[in-house]
1. Taking every Cα atom in chain B, find the radius of gyration and the maximum pairwise distance Dmax, and write them in Å.
2. Using a cut-off of 15 Å between beta-carbons, work out the net charge of the residues near residue A:67 (Lys and Arg +1, Asp and Glu -1, residue A:67 not included).
3. So for chain B, averaging the separation of alpha carbon pairs under 8 Å that are six or more residues apart and normalising by length, what relative contact order in percent results?
4. Can you give the percent of C-alpha pairs in region B:162-298 whose distance is more than 17 Å?
5. Can you compute the helix-only [θ] at 222 nm over chain B? Use -39500 (n - 2.57) per DSSP H run of at least 4 residues, normalise by all residues, nearest 500 deg cm²/dmol.
6. What is the mean number of Cβ atoms from other protein chains located within 10 Å of the Cβ atom of each residue in peptide A:79-92, rounded to a whole number?
7. What net charge do the residues around residue B:9 carry, taking every other residue with its C-beta under 13 Å from that of residue B:9, with Lys and Arg at +1 and Asp and Glu at -1?
8. To two decimal places, what compactness ratio does region B:341-438 give when its Cα radius of gyration is scaled by 2.2 N^0.38 Å?
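The values are calculated or read from the model by the stated rules, or taken from the named source; none is laboratory data. Note that this is a predicted model, so its numbers are computed, not measured. FYI the Cβ positions are ideal-geometry reconstructions off the backbone, even for glycines, and counts take in every protein chain you see. Surface areas here come from the heavy atoms of the whole protein model, side chains and all, with no ligands, DNA or RNA. Shrake-Rupley method; radii C 1.70, N 1.55, O 1.52, S 1.80 Å.
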Amino acid sequence: MSTISRDEVARVAGLARIDLTSDELDRLAGELDVIVQSVARISEVATADVPATSHPLPMFNVFRADVPEPSLPVADVLAGAPASEEGRFMVPQILEED
Amino acid sequence: MSISTHGPIDLIDYDEAVARFDPVFGIEVHVELGTKTKMFDSAPQVFGAEPNTAVSPTSLGLPGALPVVNGTAVEYAIRIGLALNCTIAETCRFARKNYFYPDVPKNFQTSQFDEPIAFDGYLDVELEDGTIFRVEIERAHMEEDAGKNTHVGGATGRIQGAEYSLVDYNRAGIPLVEIVTRPIEGGGARTPEIARAYVRSLRDIFRALEVSEARMERGNVRADVNLSLRATPESPLGTRSETKNVNSFRSVERAIRFEVSRQAALLAAGGVVVQETRHWHEDTGTTTAGRIKSDADDYRYFPEPDLLPIAPSREWVEEIRAGLPEMPVARRNRLQGDWAFADAEMRDVVNAGALDLIEATVAAGASPASARKWWMGELARVVKTTDGELEDLPITPVQVADLQGLVDSGALNDKLAKQVLEGVLAGEGSPQEVVTARGLGVVSDDGALLAAIDEALAAQPDVAEKIRGGKIAAVGSVVGGVMKATRGQADAGRVRALILEKLGVEG
């Protein structure tokens, strides 16, 4: 049974700003379905005593000391910017409020 | 997607609104932590730096840059959680909140979603009349701030009509803790006051914990205010509006009052409240419609794969708890006892933001009563003519204590001291410097005073007779004459004693 619909793929692609063709929507719906079903099978065999895992490494609390390092020079910061003004990145008109 | 509202908004009178409807509110407060570096990288945190001069590849979201958690920021978040009586999570994770906006360079904000570091707390908030109101805290989670957009072109620097925008990422990645309340019920007509007192209590706690300078005017503390109305306290919750970026105590109160009146007008007319974000306008005291909640609010949260979970050991949490400073309410009670201020006096001091100033003035040698007299008297009057706070006045607690010292030593009388205060506020230097520069010392040379007394007595011969005849109260008019002649620079008590001595009368 298919759990991922074509519409769902289109919606998520829209949220992620990924432009997909009609063919790609069909293909990805099928492929994502396989992934979801594989994960579902893992859920079947995992018993309640297996905690949900978000990371493969059994590590916690990797912290950095609160010691500042120099900023990137502003010339380097803006080197990759398509356009800049007064030391700031210039971006096209923003149409929606955050 | 954004809607502009034209024309006046229908409102009904606030008192009528709260008589007809039961307000329920919730507040999300963001506080910028005062760490030296950002949440996930070592770029320095500095206020007011030139644009894009406090950034690293990580805070710019450059490909390949990897975050590492700032341990101090985690400690500060735990401090806040403990101060708000929260449970500290045994383990928690960061998550990506995905959305597209130019001030978020990675196209996601690193935040916490289903596993906040602190949850299930409360804060007992003291209202102006001393009533205690408990605000339940749902959660406090860690996240990072966004950069700053400046809109160019158009009339007012607003997003509407702008031709393009400029982005500064200095603020991007600064550690934030977001504190979310549960729906707060039972406030009734006092809802706006409770909201204001809550945000103010949080600000005081952030400062006491030394986790943030918590300066509202710098945006260190920012509030989003949710408000809904329902027919009665038994009714289900109504649809809420979320007013964003309400950034002063007064605005929190005003924004809630406005939303109560606006929503009540809608509901009373048989309309509905739309679930939307609203923008607060400080100048007009109104809110206007922003974005309607939509599909784009699906942030597709997922666990941040680049960061490991955080599992604060119970030993660490207890160590932090043991090191928590005295909380503001306890400190207030202690100081009130030490200073012997009446309840009403103490409340006025706290509400005027004078507590720290008076404490520092007392520490610099002034008596509590005299410190209160200056800050709550002359200086409070001065600050009323400005838009600022007492702490922004160009005078330090040490200067106030020095000024009082000059009064106590007899070098200044009250009238002269006020002139010296004006001089200090005008930037003329320390109290002693103003005294010297303006030549304001009390005339303590008895010879000069006696000459002035002779003149004053000669001008009012009948008064001298009255005094000799036992009408001691009449001495006041002679003292007045001497004070006038010395342009206020005499010690009135000394003048009185000299007059009585001269006339051979027992004071």
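1. 29.7, 98
2. Details: positive: A:64, B:36, B:38; negative: A:66, A:69, B:41, B:75.
Once positives and negatives cancel, what remains is -1.
3. Details: 898 pairs, mean separation 74.0, N = 507.
Relative contact order of chain B: 15 percent.
4. Values: 6127 of 9316 pairs.
Value for region B:162-298: 66 percent of Cα pairs lie more than 17 Å apart.
5. Details: 17 runs with 191 residues, N = 507.
Mean residue ellipticity, 222 nm, calculated: -11500 deg cm²/dmol.
6. Values: counts 0, 3, 2, 0, 2, 4, 5, 7, 6, 14, 13, 6, 8, 4.
Counting Cβ atoms of other protein chains within 10 Å of each residue's Cβ and averaging gives 5.
7. Values: positive: B:262, B:278; negative: B:10, B:259.
Value of the local net charge: 0.
8. Working: Rg = 12.7 Å, N = 98, 2.2 N^0.38 = 12.6 Å.
In units of the globular-protein estimate, region B:341-438 measures up at 1.01.
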